[in-house]
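Enquirer: Shown below is the structure under consideration.
Please treat every number below as a calculation from the coordinates, not as lab data. Bear in mind that the values here come from a model prediction, so they are computed numbers and not experimental data. Cβ coordinates were reconstructed from backbone atoms using ideal geometry, including for glycine residues, and neighbour counts include every protein chain displayed.
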C-alpha cells in the first residue's frame, strides 16, 4: 500500500547535513517527495512510498547524521501527491 506522510524531525537537525542524509535515504528506499528546513529549527519531510519503506525511513531519521541529535520524529498522514523523485527544497 502506498501512503504519503508529513514528518517533522526536531533536535539538532539543521546545519549538520541532515537534509542530504534524508534525501539519500529516501532515494535508496524508493521514496518520492521532499525535505526542507523549517523556520522553527525542525526539518519537514513529505514522503510518498510503501508503508514498509516509510517505516524504514522513520527508523533512519532517528539515527540521523553523526553531527545531528534527533529528539523527536512526528508524522501524520498527508494527502497523497505524486512526485517523480525525492528532492531537497
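Enquirer: What's the total number of residues in region 61-89 that are in a loop (DSSP other than H, G, I, E, B) and in contact with a helix residue (DSSP H, G or I) (Cβ under 6 Å, 6 or more places away or on another chain)?
Expert: Our first condition is that a residue be in a loop (DSSP other than H, G, I, E, B); within region 61-89, this holds for 64-68, 78-85, 89.
In the following step, the residues that additionally are in contact with a helix residue (DSSP H, G or I) (Cβ under 6 Å, 6 or more places away or on another chain) were identified as 65, 68.
Here the count works out to 2.
Enquirer: Would you call residue 22 touching a helix residue (DSSP H, G or I) at 6+ places or on another chain (Cβ under 8 Å), touching a residue at least 24 places away in the same chain (Cβ under 8 Å), surrounded by 15 or more Cβ atoms within 10 Å (Cβ to Cβ) and not in a strand (DSSP E or B)?
Expert: Values: touching a helix residue (DSSP H, G or I) at 6+ places or on another chain (Cβ under 8 Å): yes; touching a residue at least 24 places away in the same chain (Cβ under 8 Å): yes; surrounded by 15 or more Cβ atoms within 10 Å (Cβ to Cβ): yes; not in a strand (DSSP E or B): yes.
Yes; evaluated as a whole, the condition is true for this residue.
Enquirer: Suppose we keep only residues that are surrounded by fewer than 17 Cβ atoms within 10 Å (Cβ to Cβ) and in contact (Cβ under 8 Å) with a residue 60 or more places away in the chain within region 43-74. Which one would you say is farthest from residue 17 (Cα to Cα)?
Expert: Residue satisfying both the conditions and the ranking: 74.
Enquirer: Does residue 58 count as outside any strand (DSSP E or B) and closer than 11 Å to residue 7 by Cα? Give the derivation first.
Expert: Values: outside any strand (DSSP E or B): yes; closer than 11 Å to residue 7 by Cα: yes.
Spelling it out, residue 58 is indeed outside any strand (DSSP E or B) and closer than 11 Å to residue 7 by Cα.
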